[in-house]
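Student: Have a look at the structure that comes next, please.
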Amino acid sequence: MDRRKLLMALALGAGLASGTPARAATELHMMWYSDGGEGQVMKDLLAGFEKANPDIKVTLDEVPYKAIQESLPVQLAAGKGPDLARVTNLGGLAQYYLDLRPDLKDAAYFDKNFGPFLAWMRKPGDTTSIPGIMTQLTVTGPFINKTLFDQAKVAVPGPGTTWDQWAKTVKDVADKTKTPYPLAMDRSGHRFMALAMSEGAKLFDDKGNPAVIDDGFKAAAQRIADWHKSGIMPKEIWGAVSGSTYRGANDEFKNGQVVMYFSGSWQIAQFAKTIGTDFDWQAVPEPCGPAACTGMPGGAALVALKTTQHPKEVARLVDYLASEPVLSEFYARSLFIPGHLGLASKGLDYKTDNPLAKAALNVFASDVATLSPVAYKMQGYGHNFIVFNAVISRLGQVVVGEIPLDEAYKRIADDIAQQIAEADKKKN
């Protein structure tokens with residue numbers, strides 16, 4: 001008898017001798033994609049869960065992000081799928097999520113710490129379900145080239161600085177250091193919305209329908225137009241592409257051509273690697289307008305799915321992963337902004353040797369507390385990409401001189417109404 005057969009025989013004999021045959025553990029499957037090394041972090045945490053819960057085995061099925069976008073929705077529509085999955089189209093897949101509330105140990109803990117983000121995962125009209133937890137929160141916000149400020153002998157503005165004050169300051173730094181771009185912003189409707197909400201844009205009417213064009217929105221759009229005309233913002237970014245096409249300025253920033261770059265927390269790992277010691281860079285607090293000092297949130301969530309045959313075991317796993325000690329380890333090792341209000345307020349000891357990256361992560365984490373309620377609402381709105389794309393397409397035309405602002409406002413409203421009607425028609 002070979003070694004394997006001998007071990008199997010001994011195990012069977014032990015089960016018969018005890019009068020209680022070996023019982024197979026419940027197996028859960030978690031569909032997972034990674035931006036970086038967070039898959040390994042999750043494996044380590046799952047090993048801890050299995051040690052504390054020997055009756056449950058969790059298999060981490062790692063897939064490319066494309067599979068999450070394209071394959072998972074097809075599986076779920078066919079009534080198939082894993083027990084849990086990490087997703088980014090939070091509201092778009094809400095019909096397939098399992099409500100964990102009945103089986104969680106302390107649902108109030110989830111309401112308190114994940115409340116604003118749970119709204120992103122719920123179907124319209126649902127105000128109570130707990131489908132999962134945020135594995136990462138992204139926050140839009142500005143980076144500066146601190147070395148240029150030092151060379152220009154200009155002090156870095158502190159919290160509470162307005163957009164207009166920042167624009168004037170970075171123009172001064174650029175002039176003194178002969179830097180080509182004072183201020184760059186991703187060509188993205190999502191990024192623009194931070195400026196718009198700071199200026200007072202409400203974005204929705206009293207019934208919750210998109211009503212984008214108001215005085216706050218117009219004030220922000222006017223600034224974008226003026227900053228491009230005056231050279232504060234470079235036409236080489238927004239004017240380089242058309243339609244709803246995204247264009248970032250991360251290459252220009254890391255090459256030292258930009259004084260201030262409004263993008264978001266997802267750039268931190270890249271800048272830590274690509275900028276190196278070329279210059280000092282910093283994340284700075286959100287610029288302010290008369291209404292708010294806010295960015296736009298985003299992120300990914302680990303959600304429970306209705307396809308599971310083991311809802312109670314899934315709830316036990318989510319309870320474990322959502323606990324502060326476990327989740328703080330996940331965020332700190334993955335270098336992610338916590339999508340957990342308690343951990344965001346306490347701050348994290350990020351596991352990185354790069355002091356610039358660690359400082360930037362803490363700045364963005366503190367920004368979570370300043371995010372406008374309108375920002376959460378827009379991020380959770382099912383048709384938000386229609387809004388974002390309409391806004392950036394038409395403002396892009398303004399920047400390159402194709403249409404005036406007044407016409408852009410009309411076209412934005414028309415585009416949004418038409419495309420939402422078409423989308424709703426397809427659903428029906």
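We did not get these values from a lab; they are worked out from the coordinates using the rules stated. In this text, all values refer to a predicted model and were calculated from it rather than measured experimentally.
Student: Taking 8 Å as the Cα distance limit and 6 or more residues as the minimum spacing, I'd like the relative contact order of the chain as a percentage.
Tutor: The value is 23 percent.
Student: Related question: Tilt of helix 163-177 relative to the longest C-alpha principal axis of the chain, in degrees (0 to 90, nearest 10)?
Tutor: The two axes meet at around 70 degrees.
Student: Tilt of helix 189-198 relative to the longest C-alpha principal axis of the chain, in degrees (0 to 90, nearest 10)?
Tutor: Long axis of 189-198 versus the principal axis of the chain: about 70 degrees.
Student: Here is a follow-up. In Å and on Cα atoms, what radius of gyration and Dmax does the range 148-279 show?
Tutor: 15.8, 51
Student: For the range 238-359, what is the convex hull volume of its Cα atoms per residue in Å³?
Tutor: In the range 238-359, the Cα convex hull volume per residue is 186 Å³.
Student: Give me the angle, in degrees from 0 to 90, between the Cα long axis of helix 215-230 and the longest principal axis of the Cα atoms of the chain, rounded to the nearest 10.
Tutor: The two axes meet at around 60 degrees.
Student: Let me ask something else about it. ³J(HN,Hα) across the range 102-115 via Karplus (A = 6.51, B = -1.76, C = 1.60, θ = phi - 60°), whole Hz, x for Gly/Pro?
Tutor: So the Karplus estimates, Gly and Pro as x, are x, 10, 7, 5, 9, 4, 5, 4, 5, 4, 5, 9, 10, x Hz.
Student: Regarding the range 43-114, what whole-number volume in Å³ per residue does the convex hull of its Cα atoms give?
Tutor: Taking the convex hull of the Cα positions in the range 43-114, it is 136 Å³ per residue.
Student: How large is the Kirkwood hydrodynamic radius of the range 300-428, in angstrom, based on all distinct alpha carbon pairs?
Tutor: Values: mean 1/r = 0.0539 Å⁻¹.
Mean inverse Cα-Cα distance, inverted, gives 18.6 Å.
Student: Calculate the all-directions average of the projected area of the chain's alpha-carbon convex hull, and give it in nm².
Tutor: On the way: hull surface 98.8 nm².
Taking the Cα atoms of the chain, their convex hull projects to 24.7 nm² on average.
Student: If you scale each eigenvalue of the Cα gyration tensor by 5 and take the root, what three semi-axes come out for the range 372-428, rounded to whole angstrom and sorted largest first?
Tutor: Value: 23, 16, 8 Å, ordered largest first.
Student: Here's something else I'd like to know. So which of Lys57/Lys377; Lys80/Lys123; Lys43/Lys306; Lys178/Lys351 end up more than 27 Å apart by C-alpha?
Tutor: Where the Cα-Cα span goes over 27 Å, the pairs concerned are Lys57/Lys377; Lys178/Lys351.
Student: Give me a comma-separated list of calculated 3J(HN,Hα) values for the range 248-262, in order, Karplus coefficients 6.51, -1.76, 1.60 applied at θ = phi - 60°, integers in Hz, x for any Gly or Pro.
Tutor: x, 10, 5, 5, 5, 5, 5, 8, x, 9, 10, 7, 9, 10, 8
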